[in-house]
Amino acid sequence: MSPSTVLADLRLSLPDIAELAGVKRPVVSTWRRRHAVGPHPFPAAVTAHGGSPRFRATDVVDWVEATGLGNNRSFRADVAMRATLDEDDPARARRLREGLEALLCLREPAGEPLAGLSRGEVEDLADEVDPDDAALYAEVVALGDDLGRVGELADLAADAAYTPGAAFEALLADRFRAGRRDLTMSALAPAALDLVARVAAEIGGDVAVADPWPGYGDLLHAALAVERLDAPAAHLPAGHRLARRRLTVHGRQLADLFDDAGTPALDPHALVVTQVPSAGTPELDDVEVLERLDRLVLGLHLDQRAVVIGPASALADRPADARAESLRAALLRTDRLRAVVVLPPGLVPERARQRLAVWVLGDAPAGVPIPERWTMVADLSDRQFGARFEDAVVEDLLTDVTASLAGRDAVVAHSFRFAKFTLVSDVLARGGGLLASGRPLEQGVWDDGGAAAVRVAELTASLDGVTRPPLGVRVERGDAVPVRRAPLGALAEAGLVRLIPGNRVDRSDVVAAGDRDPSLTRVVGVPELVGERPWGSRGVATLRFAENYPAGRLTEPGDVIVTTTPVPAAVVDDAGFSVVEYPARVLRVTARGRSGAGGSGGRSDAVVPEVLARDVAAQPAGAKWWRSWEVRLVPAEQADAVGQALRAVDARAAAARRELADLDTLAVVLCDGATGGVVHVRFNEATP
């Protein structure tokens with residue numbers, strides 16, 4: 001069965017086409033309107049879903065490849081991975097989707113494309129992989145005559161995503177775009193999953209991971225994906241077939257977690273990681289959440305730890321009624337609650353205003369009388385996040401959580417950034433929210449071995465020794481002339497500038513980079529362009545980039561790296577040899593553009609990258625259509641001098657920013673050192 005035959009059964013909406021082609025949604029409508037007639041007319045809709053037209057995937061793929069439009073060179077493969085089966089019958093659609101998930105689990109054990117196997121061979125393989133029919137055998141058999149077609153689709157999806165596991169994740173991620181509420185209720189945003197997974201990795205180690213209420217395996221998968229958590233197995237109850245398929249496709253070893261009258265029967269050596277309520281399950285009220293946590297705490301063994309995420313209304317805020325207050329008080333009396341972290345709203349996509357909280361459960365601190373036992377509370381509710389929280393925030397939170405699980409001496413010695421301590425006895429006596437009862441911990445004496453004094457001396461010496469060479473810019477008065485401007489689209493059509501797409505780099509390949517690491521190639525993307533990350537703070541292994549991205553492109557010196565998301569921004573890459581990360585792109589001034597563009601009145605104009613970058617950055621925040629951006633031209637005879645002068649100004653500005661950063665660091669070290677007693681300050685005295 002050919003790929004075209006498989007794609008003929010898939011349907012795409014206009015937003016699907018835009019996302020897969022790497023363009024904005026209005027662009028596809030423009031394609032449809034402008035190419036209504038001609039040698040390559042836009043495909044006609046074959047059906048409608050909820051009033052929106054749907055297009056046969058084969059027709060769309062052929063049209064995109066024939067016209068060369070869009071920003072995705074692997075459009076055909078990505079369509080096979082991302083498009084949804086268009087079925088009017090919900091039961092049939094679910095059967096095909098679950099069958100596709102099951103076949104993706106068989107792709108690796110098969111050792112060859114599934115399309116090359118007979119129906120009987122595939123079913124035998126499913127029986128071999130899942131002899132107890134705990135996850136996928138029934139789904140494979142249920143495909144019946146559709147097995148060959150869905151097997152071909154599984155092959156295409158796995159090839160497009162490079163691994164069956166990545167294809168499975170893309171298929172499951174499609175639940176949000178497709179509006180499948182049966183799979184999205186209570187589902188967490190990536191930032192919440194990452195935070196909980198990193199907390200689990202910090203307090204877990206090489207123990208098994210258990211989830212008594214796994215939902216669709218979101219938390220288990222996230223926790224097992226963290227490199228520091230070397231878990232030998234995942235424990236989950238019977239049923240939960242989607243979660244089991246998800247873990248199976250990633251090669252995880254599974255073990256059954258039995259449940260006794262609603263109380264999880266946990267392996268005493270397992271780290272518990274769970275969400276209440278879990279993804280894909282109906283919302284629970286605060287009493288139901290706390291009742292479920294009460295059963296979990298009852299099932300915990302001595303020395304066993306757990307990380308739980310749930311609504312802050314139940315876990316941290318003032319209880320809504322007497323029943324909820326009584327349940328939470330009973331949980332606090334167990335002395336298992338070691339830390340509470342309140343998170344910002346927006347981490348449950350379906351309930352954007354809901355706040356979540358994380359509970360870290362462990363043993364009560366040894367040797368501490370009951371009236372003096374405490375719980376740590378941390379408030380991150382005002383922290384910004386994207387796909388994840390800032391690394392610095394998470395790392396400091398992890399050190400706070402680790403200290404909260406230690407004994408009295410470790411807590412007193414630790415300098416907490418976010419966490420405050422609250423006596424359990426105070427909360428039980430006063431009631432109310434946990435955050436309101438938190439107060440800073442009195443710290444013990446800290447001796448840094450002279451590190452702060454040395455750092456102050458180093459910073460002071462470097463700042464006192466700063467000298468600035470002259471800029472070398474000299475100007476003369478000239479005759480005023482009209483400013484020449486041109487839309488970027490016109491300059492591109494004239495061949496004076498070229499737009500070069502960014503590279504689609506797998507997030508896992510991008511690492512933190514030092515300024516002079518010879519094994520890494522600098523990565524520049526939206527975070528660098530909008531000032532969220534310093535220039536050169538990210539990189540990709542040079543050999544890995546060459547091997548995994550044979551079509552990858554590097555910048556040349558003088559390229560202008562631009563983005564339209566979230567606002568227009570641009571930076572000139574003076575050194576070149578950078579990997580530009582999509583959706584950022586490159587505007588390259590060609591030789592013609594540098595030598596001058598013919599103008600009227602005998603004047604010849606040039607495109608200067610440094611001027612171009614400033615004009616792009618000056619565009620209004622809503623100006624997303626790069627072709628309409630007007631940029632200024634420079635008289636050709638002045639182009640080189642103007643470029644050199646602006647580069648000198650930029651270099652001086654960068655040096656000034658570094659000096660300001662050093663001054664800020666010096667102020668922090670002075671404040672911390674002086675208040676901690678490890679630095680004695682003398683001012684305007686000669687250095688001995």
Cα pair distances of the chain binned at 20 Å [whole percent]: 15, 39, 34, 11, 0
Given a Förster distance of 41 Å, report the FRET efficiency between Ala265 and Arg544 from their Cβ-Cβ distance, rounded to the nearest 0.05. 0.40
List every residue whose amide H lies under 5 Å from the amide H of Val524, counting only residues 5 or more places away in sequence or on a different chain, with H placed 1.01 Å from N in the peptide plane. Val579, Val580, Glu581
Could you check what % of the DSSP bridge pairs in the chain are antiparallel, to the nearest 5? 75 percent
Please report the relative contact order for the chain, taking Cα pairs under 8 Å with a sequence separation of at least 6, and give it as a percent rounded to a whole number. 8 percent
Longest exposed-site-free window of the chain, the sites being trypsin sites (Lys or Arg not before Pro) in a DSSP loop that have at most 11 other C-beta atoms within 10 Å: 1-352
At 0.36 nm per residue, minus the direct Cα-Cα distance, what do Asp574 and Lys24 gain on full extension? Give it in nm, one decimal, please. 195.0 nm
Inter-probe distance in nm under a simple model that places probes 7 Å from Cα toward Cβ, at Val668 and Ala255: 4.2 nm
Taking the Cα atoms of the range 3-180, report the difference between the largest and smallest coordinate on each principal axis, in whole Å and largest first. 55, 30, 25
What translational diffusion coefficient, to the nearest whole µm²/s, does the range 134-277 have by Stokes-Einstein, given a Kirkwood radius computed over alpha-carbon pairs, a temperature of 20 °C and 1.002 mPa s viscosity? 132 µm²/s
If each residue of separation counts as 0.36 nm, what is the full-extension length gain between Ser425 and Ala457 once their alpha-carbon separation is subtracted? 6.9 nm
Per-residue ellipticity at 222 nm for the chain, helices alone: DSSP H runs ≥ 4 residues times -39500 (n - 2.57), over residue total, nearest 500 deg cm²/dmol? -12500 deg cm²/dmol
Any idea how far the Cα center of the range 636-658 sits from the one of the range 476-518, in Å? 16 Å
Sequence-distant residues sharing a close amide H with Ala357 (under 5 Å, placed H): Gly310, Ala312, Leu343
The long-range amide H neighbours of Arg338, using H built 1.01 Å from N in the peptide plane and a cut-off of under 5 Å, are Val360, Leu361, Gly362
Suppose the Debye formula is applied to equal point scatterers at every Cα of the range 516-666; what is log10 I(q)/I(0) at q = 0.11, 0.17, 0.18 Å⁻¹? -0.49, -1.08, -1.17
With the 8 Å Cα cutoff and a minimum separation of six or more residues, the range 3-180 has a relative contact order in percent of 24 percent
With the Cα gyration tensor of the range 184-437 in hand, convert its eigenvalues to equivalent ellipsoid semi-axes via √(5λ) and list them largest first in whole Å. 26, 20, 19
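Values quoted throughout were computed directly from the atomic coordinates according to the rules given, and no laboratory measurement underlies them. If you're wondering where the values come from, they're calculated on a predicted model, not measured in any experiment. All Cβ positions, even for glycine, are placed from backbone atoms using ideal geometry, and neighbour counts span all protein chains on display.
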